[in-house]
Amino acid sequence: MIKISDAIIKVLFLLIFAVSFAGNATAAQWVLSDPANVQITGIWTTYNTATDKTERFCTLYNGSILHHDGTIWETMATGAPSYLNAVWGTAVDDIFAVGYEGTIVHYNGTVWQNQSYATALHLNAVWGTSGSNVYAAGEGGIILHYNGTAWSVMTSGTNNSLNGVWGSSANDVFAVGDSGTIIHYDGDVWTAFDNKTPYHLNAVWGYAADSVFAVGQYGIMAMYNGNVWNVISSEVSFDVDLYSIWGASACNIFAAGRLSGDGIIYRFNESQWSSQTVPAGTKPLLGIHGTSMRDIFAVGGQAGGNATFLTYTLAIGEEYPEVCATSPADKALQVSPGSSIYALFSTEMDPGTITTSSFTLTTGNDTISGTVTYEAGGFAVFTPDTHLSYAKTYVATISTDVEDPFGYAMEEEKSWDFTTTIIVSGSDGKGCFISSARVE
């Protein structure tokens, strides 16, 4: 069992989470299916606006792609000579898959085409910012870059195998690998971070440049806060390996892997990681991905055995976005008048619906003027135009006009209140401070 330390982790600016580990707790459920008779090694999903369906592309151990168009499964021949390890794309007609001995195949919406690079090294991961800026990483520290025309080798600075790659932009890319290897690309060169663990890191994912997670061998978890990486798992277990991580927002993150010979999924929900109930017979899970909290899938299986495919099914009412954390917290006291107000949603939201009309701040009958912005990870931020008054109670409200990118609105508005600090003007000379403001 994984145990997460009680360390306080800065998630974004002033919003703080205490990360701990809890036992099994979930209202939603994972549903098991067996769409293929071969191990699934990776998954990438995308929403097809033309069909209004979520499509799934899965890499298979035999070199094929298993595709679900939102209605039916089909096996797609790629021409790959052997197994594929990972898949990523920008749209249903621009997808890359990588694997055995430099194998790279690209899907243009009609056929898979060979783009393989001449190397005996296996490629384990692929990710990019666009179809003309793609990175593939693998054995021996190899990193390949695609510029839209051709693949070329980059100098990674490591000989350790690389197992995962992700970035927040073209100038902010991370790759993780064996023996705790973490390297970073700034748009010019790859540089290494100091190793924080001797264990292998298998996957990396984040929702912002200062909020990046890596998971790996023996259940190791690490987080990057924009300056340094810190290991956040206080204990390791030789029975656990984590192979993949993905999240719908900062308070809805999933990590998948194995517990002994079975599959396991952990979920970070608001303040702690907890194990999810998975169906009996779930084999080790090698990949997890989704388009929103309503469309999350985990895949795996065993080499030489049947596929494992899990679909995350929400309970009634859970399909709607909600505010899962705020800063200041509800009923908070002694809040600094210079504070901004944060709300964290359960899934990424449509920034166009996060406005000064849908996110308001009031005190009594007065409406506070300010600026509302949206940050990746599901954060809405209200910044007052001027400092708030001392010793006053304020009410923040988010209306049901806010929506996620798929048009789902909150079922109920969210309101919370907090009180600013009392100003201290001086001392009476006896160690007692005299307040020049009164609480209203």
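Some observations on this one:
- Test: residue in the range 274-295 that is closer than 21 Å to residue 349 by Cβ and of a type in the set (A, V, I, L, M): yes
- Taking the range 212-291 as the region of interest, the strands (runs of 3 or more DSSP E) fully inside it that hold 1 or more residues being among the basic types (Lys, Arg) and in contact (Cβ under 8 Å) with a residue 12 or more places away in the chain are 252-259, 262-269.
- Residue 156 being assigned by TED's automatic domain parsing to the domain that holds residue 94, touching a residue at least 12 places away in the same chain (Cβ under 8 Å), closer than 23 Å to residue 63 by Cβ and surrounded by 17 or more Cβ atoms within 10 Å (Cβ to Cβ): no
- Note on the range 88-177: enclosed strands (runs of 3 or more DSSP E) holding 2 or more residues that are more than 20 Å from the chain's Cα centre (by Cα) are 94-99, 104-107, 112-114, 133-138, 143-146, 151-154.
- Those residues of the range 410-424 which are assigned to a loop (DSSP other than H, G, I, E, B) and hydrophobic (A, V, I, L, M, F, W, C), in sequence order: 410, 422, 423
- So residue 231, is it in contact with a Lys or Arg (Cβ under 6 Å, 6 or more places away or on another chain) and within 28 Å of residue 261 (Cβ to Cβ): yes
- Scanning the range 194-211 for residues that are in a strand (DSSP E or B) and of a type in the set (Gly, Ala, Ser), we see that the one that is nearest to residue 159 (Cα to Cα) is 203.
- Residue list for the range 178-214, filter: buried (at least 18 other Cβ atoms within 10 Å of the Cβ) and either out of contact with any strand residue (DSSP E or B) (no Cβ under 8 Å at 6 or more places or on another chain) or of a type in the set (Val, Ile, Thr) (or both): 181, 182, 183, 197, 204, 212
- Selected residue (only one of 342, 312, 374 is in contact with a helix residue (DSSP H, G or I) (Cβ under 8 Å, 6 or more places away or on another chain), crowded, with 18+ Cβ neighbours inside 10 Å, not polar (S, T, N, Q) and not in a loop (DSSP other than H, G, I, E, B)): 374
- Breaking point among (1) over 22 Å from the mean Cα position of the chain (by Cα); (2) modelled with pLDDT under 95, for residue 375: (1)
The values are calculated or read from the model by the stated rules, or taken from the named source; none is laboratory data. Note that the structure is a prediction, hence the values are computed from the model and not measured. Note that each Cβ is placed from the backbone with ideal geometry, even for glycine, and that neighbours are counted across all protein chains shown.
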